[in-house]
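The values are calculated or read from the model by the stated rules, or taken from the named source; none is laboratory data. Note that the structure is a prediction, hence the values are computed from the model and not measured. Ideal geometry is used to build each Cβ from the backbone, glycine not excepted, and the neighbour counts take in all protein chains shown.
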Amino acid sequence: MLKRLLCQCLTLFALAAPAAAFETRATAAWVYDMATQTVLMDKNADQALPPASMSKLMTLNMLFEALRDGRVTMDTEFTVSARAKAMGGSTMFLNERDRPTARDLIHGIIINSGNDACVVVAEGLSGTEEAFSKQMTARGQALGMTNSNFANSSGWPDPNHRMSMRDLGILAKRLIEEFPEYYPIFAETEFNFGDRAASNRHNRNPLLKLGGGADGLKTGHTAEAGYGLVGSAKQGDRRVIFVITGLDTDAARAEESDRMMNWAFRQFVLKTVIKSGQRVADADVWLGNTASVGLVAAQDVTMLVPASVQDGVKAQVNYTGPLRAPFAPGTPVGTLTISVPDLPDRQIPLITETGADAAGFMQRIQKAASILRTRLADDAEPAT
């Protein structure tokens, strides 16, 4: 039968106050703690919206993959087409005589938000921007970005160019984890290709000026999308990714991003709630050389708890028992469900602390006799 036991080794937060919910002015938002893989906030996060220049992160991903695969190097030179040169909006001010390297283009996309640089990358890797856009869409789907469709490489307004905030967060997480050699470029504050873009040399990410561990990733703005940001910051052992869109002004984007970052770090504490090998429950054993066995976590369990909740968590053990002997130490037999206010439940696999051998002949006889006595006693008890 399925056993459900409340863990006695963990304190129940009976009167604990939950973390204060974050109310954002953004149209859509997504906040994610990388250390614990916990979504801290989700507001319209799966709605496909115009991403503006935040979608340039996908162009960068495609270029980073080409660098990793050896198709290009950081010193590979790219050709600038008339189409790329003609791009409006934010640019590197490239012309058709230029031969920018992959290194130049990465800086130009991240820091200058260069629309021309994006087209150069698209044409250099795939021949045409149209072909590159289809490849981005297919690659995004393969990476789990199910609410994304790309019509161009730059985020230029197009009714078919859409991304969700969760998809942008998935993409940010990938860039941070998969390409650590390039990620520091997101924290650089100035780039002026050929000394011709002085007015556009500054990184638009407002958090880079405020400290707090912020080191990426990309802003976006169009009339349709409003002001948005894919941001990330690291403090201690925690890294947080946050994505917002739909703000009315540049100042509102900066203020909301700063508020969101501070909330994510200050309202939650990274805490080890169970140590590896710590017994959380005892399970009955059927026809074994022992009557019960301890259930333990195979490794330390670290999770976020609201800052106002410091002493324990609500937890429940689930296992199908009694456990049938024989079994070895470390046998997976159940799960521990940990609940923290305002956060998703966490399920932890549990293993047996020790093994159990099958009971000997006399032990089996004694067990059978015990069961028979219990049944006879139950039958003899008068009905009430």
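Laid out as a table, the results:
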read-out: Selection status of MET136, in contact with a helix residue (DSSP H, G or I) (Cβ under 6 Å, 6 or more places away or on another chain), crowded, with 16+ Cβ neighbours inside 10 Å and in contact (Cβ under 8 Å) with a residue 12 or more places away in the chain; value: yes
read-out: Complete set of residues in segment 52-97 that are touching a strand residue (DSSP E or B) at 6+ places or on another chain (Cβ under 9 Å), outside any loop (DSSP other than H, G, I, E, B) and either under 27 Å from GLN141 (Cα atoms) or not assigned by TED's automatic domain parsing to the domain that holds GLY194 (or both); value: ALA52, SER53, MET54, SER55, LYS56, LEU57, MET58, LEU60
read-out: Residue within segment 185-207 that is more than 30 Å from PRO349 (Cα to Cα), in the same structural domain as ARG103 (by TED's automatic domain parsing), under 27 Å from the mean Cα position of the chain (by Cα) and free of Cβ contacts under 8 Å to residues at least 40 places away in the same chain present; value: yes
read-out: Matching entry among ALA122, ALA86 (being surrounded by fewer than 20 Cβ atoms within 10 Å (Cβ to Cβ) and farther than 21 Å from ILE244 by Cα); value: ALA86
read-out: In segment 181-204, residue surrounded by the most Cβ atoms within 10 Å (Cβ to Cβ) [restricted to those that are under 10 Å from GLY216 (Cβ atoms) and among the aliphatic types (A, V, I, L, M)]; value: ILE185
read-out: Which numbered condition ALA325 misses (of (1) touching a residue at least 40 places away in the same chain (Cβ under 8 Å); (2) in contact with a Lys or Arg (Cβ under 6 Å, 6 or more places away or on another chain)); value: (2)
read-out: In segment 165-197, the residues that are of a type outside the set (A, V, I, L, M, F, W, C) and either in contact with a Leu (Cβ under 7 Å, 6 or more places away or on another chain) or part of a helix (DSSP H, G or I) (or both); value: ARG166, ASP167, GLY169, LYS173, ARG174, GLU177, GLU178, TYR183, PRO184, THR189, GLY194, ASP195
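So that you can scan it fast, the table gives a plain yes or no per residue for (1) of a type outside the set (Ser, Thr, Tyr); (2) assigned to a strand (DSSP E or B):
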| position | (1), (2) |
| --- | --- |
| SER199 | no, no |
| ASP215 | yes, yes |
| THR219 | no, yes |
| GLY228 | yes, yes |
| GLY231 | yes, yes |
| THR245 | no, yes |
| ALA264 | yes, no |
| SER276 | no, no |
| VAL293 | yes, yes |
